[in-house]
Every structure is written in structure tokens, then in C-alpha cells.
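Novice: Sharing a structure, written as C-alpha cells. Questions coming.
Laboratory data are not the source of any read-out in this text; all were calculated from the coordinates shown. No experiment lies behind these values; they were computed from the predicted model shown. With ideal geometry, Cβ positions are generated from the backbone for all residues, glycine too; neighbour counts draw on all protein chains shown.
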């Protein structure tokens, strides 16, 4: 994707705010024009007063005078009668209209930029929600946070400057240069000499500063990663007394970020001395040369008002050149943010709905046929290979294996969180790729290893499984998951507050509430990925008993480290190095499978020691 395509993709989020984005430059053009007319009008007023003082002309019908105005053409000698009061009123009108234009440009510009950023942030967030696990694996969570916040904020600022300052600054510079030649004639050539000097100096400053600013985005990723990890694992940090280590890690990321910013700002800080120096040189030259010509020609070749206008136009030209250079640097920096955001927007979900999806899962039958799976196409070896297994609806299936043996990868394929590399996975006698994603995942409830509760209430968390669930249904699900006593113990029952991440619940309580949430969906298949590890063996047994007795038609798959959790399973799958090592009942495996025997006897020896 070309840079222009990336910019176009991001700008697609302007949508309903396009009218504000188009109106804003109109007011900016008007403001720039009025700002440039103002010094010219002021010079006319100064010269008029100067001519009046010299002529000392007082007439009965008002304060008027006659003077020669050599502004538009030096060869034309036009006698104009100008009322001082009229010029003052014209100047006042220009000022009011200029202020009004600036205010309206600011209002419409803010509406356009804020609305654009809101849409863009929403588009990025929605895009992330549609990602499969393999899409999410491409981006770190801290990087996605930075892209959704800091990067979009940078784009918003650049967009606002684009529709306001980028229009205003070049026009101000051009209008000021034209008016300087109209007003001062040959003397305006001073600016022709100074402009290239300023432009070259600002170009060098911007060039070196931009390189540093671009590297800042990666520093933000590191800083967000440090904060996110620390906040999410604050209890672990405190348990291991690692606060100082975390402080050092954060300070390192923060200091690296501040170092880059300080280095860049030191370079950018050279802008003001450069501009001020050139402005002073410009003012001194205009005043010295203008004063000499004024006294030499006795006010005929140049007027005091013309000198005043040239001073103002010189400042306007130079300040707007600086503004253009700063905008250019900011825009080039924002291109990096645009690239990062466009990467998210252009990322196509690897898992999508088929053209004519199935909207019903008939039963909980599961079958793996010659399944191979890689997390990345470029991976040298498969995470899972040559899997063939059949599970009947209503069966209780246990999965056992060492860390990294492929247990979680196995169950992720059932709900199509990932797609197989080869072979096929069937649920309800149909390939999972034939189903509507929502239908499939509503029918296959997965309670993952990491149990997550969201801020809100117990009821709002449970209703993630079924938004229309009644209180009776919630009670039933909680009873099966052995967490109803937890709810009753709370003062407000199901309306009790759940803090961010379920911080006010223990690990075992969170696990049971998450199981209740999964049950509430009334799925055809429920998968517990080591989801009772923080629960005592008695409660674990009661949960399994509840699932078996209350939900006999539901297929139950349990990944466990404890043999006791799957000992009564209809079949137990032994995973080893991404392959199915053995399948059988407890009695069969205890006689024939070495892996199962080692785990069983090691756990029993620990039990016997007690």
C-alpha cells in the first residue's frame, strides 16, 4: 500500500465532518486576506494624518485634506479626499471581520478534527474487535493502545493544522509579499534576500528534529507496555516485593522517551533565535533604508505609512515561513502515526464469515480430521500435527499434557479462534468454517486460562453469556458453577460491584463466576481451559458433578493439570509435543500410558505424603 493510499484510508474516517473540514479553509482564506489588508489600510491612515499635519487644512464641513496617494501606480497622481474617521471605521471593520473569521475557522476546525479523531478511534477499535487471534498476535497490546490513543491524537493535531494553518500560513506569506511590493516597491527586495536564508535554516532544523520525533512512537510503545504490565500484575509485583525493579523499568522507558523529546526540542528551540535574528535584521534594514530615502526625498519617494507597512509585512512573511516549517515537521511526524494506524485499518481478519453461513449448531459432536496447525505460515514446525479424534455430544472429555504440548491450541480450533493449516475441524457434523462466527461461538463456550471479569456488577458480567438471562437462570448457572454462595454473601447480590479486572474477587471466585457466565449461554459445547486450577478439589468435583447431572446433553471438555479433575471422564486425551499421544479412560491409561502414569503417581505420592 502506497503512502497516499494509507493517508486516504485514514482520511476516510472524516465522513460526516467533511463539511466542517471544507468550510474551515474558507474562513482561513478570508482571515489571511484581511490580515494582509490591515497594514495597508493602517499605512493609508498614517500617511493621511501626516499629510494633514503638513497641509494644516481645516474646512467647515469636517476634518478633511487633500493628498497624493502613490500606492497603486507611482506614475499616477490622483488627488483623493480621505476622511480620517472613514479610514478608522474601515480599519475597525477589517479587524472585527478578521477576528470573526478566525473564531469561526477555529470552531469549525475543532469540530472537524475532533469528529475525525472520534470516528478514527472508533474505526480502529471496531477493527480490532473483528481480529482473529492470529491478527492480534501481529500487534502487541501496548502497541495497539498507543495506536488508538497517542497516534490518533497526533493525527488529529495534524489534521486540524492542515485545514487551518496549512491554508492560512502560505496565503499569509504570499499576500504579505505581494502587498509588500505594492506598498514598498523596490524596498521589498530586502525580503527576497532574507526569505531563502530563513527557509534554509528552518529546513535544516526540521530535518534533524523530525528523525528524532519519529523514533518517539516506539518509545511510547515501550512505556505503555511497562505501565500495562505493572498495573495488570500489581498484586504479583507486591507479593514478590519487586516495586523497585518495576520503578527502574518504568523510569528507563520514561527517561528514554524524555531524552528523545529533549534532544528534539533543543533542535526545534533554534527556530525562535533564527527568526528573531532575521526579523531584527529586516526591521533595522527597512528602518535605516526607509528613513534615509524619506529624508533624502523629503517624503516624496516614500511615506512614513509605507515604512510602517513594510515592517509589518516583513514580520508576517518571516513568521509564516517559520509556521510553515513547523507544520511540515509535524505533518511528516504524523505520517509515521498514519502508517501505524493504517496498518490496523488495512489488516484483514484472517477469519471471516462464509458467504452462506449456517446459523444453527445441531449438536455437540466434535471431530478432528488430519488436522495440522501453525501459528504463522512461516513457522518451521506445526504447533499441532496429525490430529484425528472424535467426541460425541454429551461426552465428558479430559485433556492432559505438559506445558507447551498443544492443549490450548487444540481447543482454540474448536471455536475457530484460529483456523487449521491443514485438515478440518467439525462441530455438529459441519466444518467450523461453514458456520456464522457468532452462531459457532455462542454454541461453543470457552472459559480460558486467564479469567477476566469486567468492571460493572456481577449481573452485568454474567449477562455477557446471555444478555436476556433472568435472575432464575443466573441463579441456576451459579449453582452449577458453585458460586451462588459467593453472590449471596455480597450485600447487593447480583447487583454487587465488580472492580476493574475483578480485583475484589479471589482467583477461585473469578474462575467460578466465569464458568457460570459460560453456562448461561446454554452452549452445545463447554470448554474449561484449566479453569478450576484455583478451586479446591471438593468444589472442583461439585462443578463437574453439576455439569454432568444438570447439563447431560452438553459436550464438556476440561483441560486440567490434576488427574482428579478428569479421572471420571468418558475419555482422556493425552497431548505431547503437538500430537495426540493416547486416548482412553482412566483405567485404560493407567495401565498403558507412561505420561499418564508419571503424572498420576507423582500426584498420588504428594497426596500420600500428607
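Novice: Would you calculate, for the chain, the mean residue ellipticity at 222 nm contributed by helices, counting each DSSP H stretch of 4 or more residues as -39,500 (n - 2.57) and dividing by all residues, to the nearest 500? Mind dumping the intermediate values first?
Specialist: Numbers: 22 runs with 373 residues, N = 610.
Taking each H run of at least 4 residues, the total per residue is -20500 deg cm²/dmol.
Novice: With 10 angstrom as the radius, rank 427, 198 by how many other C-beta atoms surround their C-beta, starting from the fewest. Provide the component values of the computation, followed by the final result.
Specialist: On the way: 427 27, 198 23.
Ascending number of Cβ neighbours within 10 Å: 198, 427.
Novice: Additional query: Can you tell me the 0 to 90 degree angle between the C-alpha axis of helix 84-129 and the longest principal axis of the chain, rounded to 10?
Specialist: That works out to roughly 10 degrees.
Novice: If we sort 129-140, 314-325 on the protection proxy, mean other Cβ atoms within 10 Å, highest first, what's the order?
Specialist: Numbers: 129-140: 14.9, 314-325: 21.7.
By packing density, highest mean first, the sequence is 314-325, 129-140.
Novice: How far, in degrees from 0 to 90, does helix 18-55 lean away from the longest principal axis of the Cα atoms of the chain, to the nearest 10?
Specialist: Helix 18-55 and the main axis of the chain meet at about 20 degrees.
Novice: So how far apart, in nm, are the two label points at residue 472 and residue 122 if each is 7 Å from Cα heading toward Cβ?
Specialist: 3.9
Novice: Give me the percent of DSSP beta bridges within the chain that run antiparallel, rounded to the nearest 5.
Specialist: 55
Novice: Still on this structure, I have one more. Put a dot 7 Å past each Cα toward the Cβ at residue 197 and residue 346; how far apart are the dots in nm?
Specialist: 4.4
Novice: How many nm is it between the label spots at residue 402 and residue 91, if each spot is 7 Å from the Cα in line with the beta carbon?
Specialist: 8.9
Novice: Here is a further query. Within 10 Å, count the other beta carbons around each residue, average over each peptide in 489-496, 13-20, and list them highest first.
Specialist: Going from most to least packed, we get 13-20, 489-496.
Novice: Only one of the listed values, (1) 37.1, 127; (2) 25.9, 77; (3) 26.7, 86, was derived from the coordinates as Rg and Dmax of the Cα atoms in Å; which label is it?
Specialist: Matching the structure shown: (1).
Novice: Continuing with this model, one more query. Return the percentage of antiparallel bridges among DSSP beta bridges fully within segment 366-609, rounded to the nearest 5 %. Intermediate results must be reported in sequence, preceding the final value.
Specialist: Values: 19 of 37 bridges.
Of the beta bridges lying entirely in segment 366-609, close to 50 percent run antiparallel.
Novice: Stretched out fully, how many nm does the piece from residue 269 to residue 100 gain, at 0.36 nm a residue minus the Cα gap?
Specialist: Working: separation 169, 0.36 × 169 = 60.84 nm, distance 3.18 nm.
That pair, residue 269 and residue 100, stretches by 57.7 nm at full extension.
Novice: What is the angle, in °, between the Cα long axis of helix 537-550 and the longest principal axis of the Cα atoms in the chain? Nearest 10 is fine, range 0 to 90.
Specialist: Result, in degrees: 80.
Novice: Moving on to the next point. Sorting check: for 463-471, 365-373, 341-349, which peptide has the highest mean count of neighbouring beta carbons within 10 Å, and how do the rest follow?
Specialist: Numbers: 463-471: 13.9, 365-373: 19.1, 341-349: 17.0.
Packing proxy ranking, top to bottom: 365-373, 341-349, 463-471.
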